[in-house]
1. Starting from region 15-70, pick out the GluC sites (Glu not before Pro) whose DSSP state is loop and whose Cβ has at most 14 other Cβ atoms within 10 Å.
2. Which listed residue (T44, A24, L59) has the Cα farthest towards the positive end of the charge dipole for region 17-61, taking +1 on Lys and Arg C-beta and -1 on Asp and Glu C-beta about the Cα centre?
3. Where nothing but the Cβ of Lys and Arg (+1) and of Asp and Glu (-1) is charged, how large is the charge dipole of region 40-114 around its Cα centre, in debye to the nearest 20?
4. So which trypsin sites (Lys or Arg not before Pro) in region 1-89 pass both tests, a DSSP loop state and at most 14 other Cβ atoms within 10 Å of the Cβ?
5. Let me understand the chain better: what is its radius of gyration from the alpha carbons, and its Dmax, in angstrom?
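Only the coordinates and a few stated rules stand behind these numbers; no lab work does. Fair warning: this is a prediction, and the values are worked out from it, not measured in the lab. Cβ placement follows ideal geometry from the backbone for every residue including glycine, while neighbour counts extend to all protein chains displayed.
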Amino acid sequence: MDATTLKTAICAAASEKKARDIVAMDMRELTPTCDFFVVCSANTATQVRAIADNIEEKLAEAGASFLHKEGYREGEWVLMDYGDVVVHIFRQEAREYYALEHLWADAPLTPYED
């Protein structure tokens, strides 16, 4: 699965669990470590984990598996590394605090729409 297809599948899986403010950040010109960040928000730690679970399940069905996952137990900020795409699922307060979109302000943002 190429990076663009992977990014789209991740966004769709997050949307299925009512993730909010889903954006894809194009990191190709900024870092050699990945092509895209997908960033989204949830209201509760339970919803953060549900979004992560759905992404993992849907991508596994498509034959893709993550390389690394962090933060699942706490449910404040789950990071899922799919190689070319890194997923950041935040509780809203954590997203505002860490402000990845501002930290990586040079990355072109594309809001996800169903």
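1. E29
2. Of the listed residues, the answer is T44.
3. 200 debye
4. Answer by residue number: K18, R28, R73.
5. That works out to 12.6, 34 Å for Rg and Dmax.
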